[in-house]
Amino acid sequence: MPTYPVLLSIPHGGTLAPREISSRIALAPGDLFADSDAFTREIYGLGDKVAACMDTEIARVYVDLNRATDDRPPQNPDGVVKTRTCHGRSIYFPGQDLDRPAADDLIEKYHAPYHRALLETLRGHSNIELFLDCHSMEAVGPDFSPDPGASRPSFCLGGNHGQSCPPETVRRLARCLGEAFSLENHEITIDSPFAGGHITRIYGNHPRPGVQIEMNRGLYLSAPWFDAERLTVAPARLAELNRSFERALALFFSCQ
């Protein structure tokens with residue numbers, strides 16, 4: 001039996017490009033890294049300690065699992081399939097942006113299976129009491145964000161203003177994260193700058209309460225842990241954050 005009755009969704013930790021579009025891609029490794037939730041699979045992944053854990057190898061810059069299928073360019077360059085990174089870098093070579101059939105193909109192959117599995121898991125596992133959609137956020141809001149140029153807290157928890165998860169549950173999770181990571185109250189915000197994305201809005205309270213977790217990347221993509229040239233993080237730091245996250249869950253499920 002799993003230790004914690006929770007489903008962990010980690011939709012933005014992938015680093016690979018779909019083979020179908022590999023010849024179109026203009027991004028340098030650093031641009032891809034800057035637009036990913038780097039190392040979130042290592043930080044949040046708890047294996048068989050949880051009721052279920054879902055992630056993907058495909059990078060969010062190519063197929064964003066936390067967007068609706070009709071959220072697309074040109075209306076939204078940062079939609080389910082993107083034309084630019086959150087820092088304004090062109091993803092594809094000139095004249096090679098995805099046409100409608102190519103975008104539909106990516107969504108069918110990579111977006112749809114994740115959401116089918118997520119819904120089936122939430123409906124099919126009676127022991128799941130909560131699901132967490134696990135992300136990281138830049139230390140300062142980029143241009144495409146709701147808070148451009150603003151310094152961000154250590155964690156933001158999004159419960160969609162009570163629509164995806166009861167507010168007291170979100171507050172209790174905030175207290176447990178604060179204790180596990182040794183943070184002051186002001187270092188954890190609720191619903192600001194992120195109230196929750198597509199996944200928590202669609203599945204939160206349907207049928208299980210859901211919270212989007214955003215961890216500040218400054219907790220690991222900074223000195224002394226981060227090697228900016230190699231784009232690597234000291235394994236000991238990732239292991240430490242993983243242990244703290246597990247401790248937060250242990251506190252959460254022990255104090256209900």
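Structure summary
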| item | result |
| --- | --- |
| On Cα atoms only, tilt of 167-181 relative to the major axis of the chain in degrees | 90 |
| Pair-distance profile P(r), taking every C-alpha pair of segment 26-150, with 10 angstrom steps and integer % | 11, 38, 34, 15, 2 |
| Segment 100-161-segment 1-76 distance, computed between alpha-carbon centres (Å) | 9 |
| Charge tally in the Cβ shell below 11 Å around GLY14, where Lys, Arg are +1 and Asp, Glu are -1, GLY14 excluded | -2 |
| Net charge of neighbours whose Cβ lies under 15 Å from the Cβ of ARG123, counting Lys and Arg as +1 and Asp and Glu as -1 | 0 |
| Distance-filtered residues of segment 90-106 - backbone nitrogen under 20 Å, label point 7 angstrom along GLN75 Cα→Cβ | 98-106 |
| Cα-based convex hull volume of segment 114-206 per residue, rounded to whole Å³ | 109 |
| Listed residues VAL233, VAL63, VAL81, most fluctuating in the chain (Gaussian network, C-alpha, under 10 Å) | VAL233 |
| Furthest towards positive pole of dipole, TYR114, SER151, PRO5, structure part the chain, Cβ charges | PRO5 |
| Residue of PHE144, PHE245, PHE194 that the Gaussian network model of the chain assigns the largest fluctuation, springs spanning Cα pairs under 10 Å | PHE144 |
| Set of segment 219-256 residues, backbone N closer than 16 Å to the point 7 Å along the Cα-Cβ line of ASN127 | 250, 253-254 |
| Acute angle (nearest 10 degrees) that the helix 235-254 long axis makes with the longest principal axis of the chain, alpha-carbon atoms | 50 |
| Projected area, mean over directions - segment 30-82, Cα convex hull, nm² | 4.4 |
| Cα pair distances in segment 169-243, grouped into 5 Å bins until the bin that holds the longest one, percent each | 3, 13, 19, 19, 17, 16, 9, 3, 1 |
| The chain: radius of gyration over Cα atoms, expressed as a fraction of 2.2 N^0.38 Å | 0.98 |
| Cα→Cβ-extended label distance, 7 Å offset, between SER192 and THR83, nm | 3.3 |
| Rough spin-label spacing in nm, given labels placed 7 Å along Cα→Cβ, for ALA250 and ASN205 | 3.2 |
| Residue of THR232, THR200, THR189 that the Gaussian network model of the chain assigns the largest fluctuation, springs spanning Cα pairs under 10 Å | THR232 |
| Where labels lie 7 Å past Cα in the beta-carbon direction, separation of PHE144 and SER182 in nm | 3.6 |
| Global form of segment 82-135, assessed from the alpha-carbon gyration tensor, a/c cut-off 1.5 | oblate |
| Net charge of Cβ neighbours under 12 Å - reference ALA150; Lys, Arg +1; Asp, Glu -1 | -2 |
| Antiparallel bridges, percent of DSSP beta bridges restricted to the chain (to nearest 5) | 30 |
| Degrees between helix 112-124 axis and first principal axis of the chain (Cα, 0 to 90, nearest 10) | 20 |
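Read-outs throughout are calculated quantities, based only on the coordinates presented, and are distinct from any laboratory measurement. What you are looking at is a predicted structure, and each value in this text was computed from that prediction instead of being measured. Here Cβ is always computed from backbone atoms with ideal geometry, including for glycine, and neighbour counts include all displayed protein chains.
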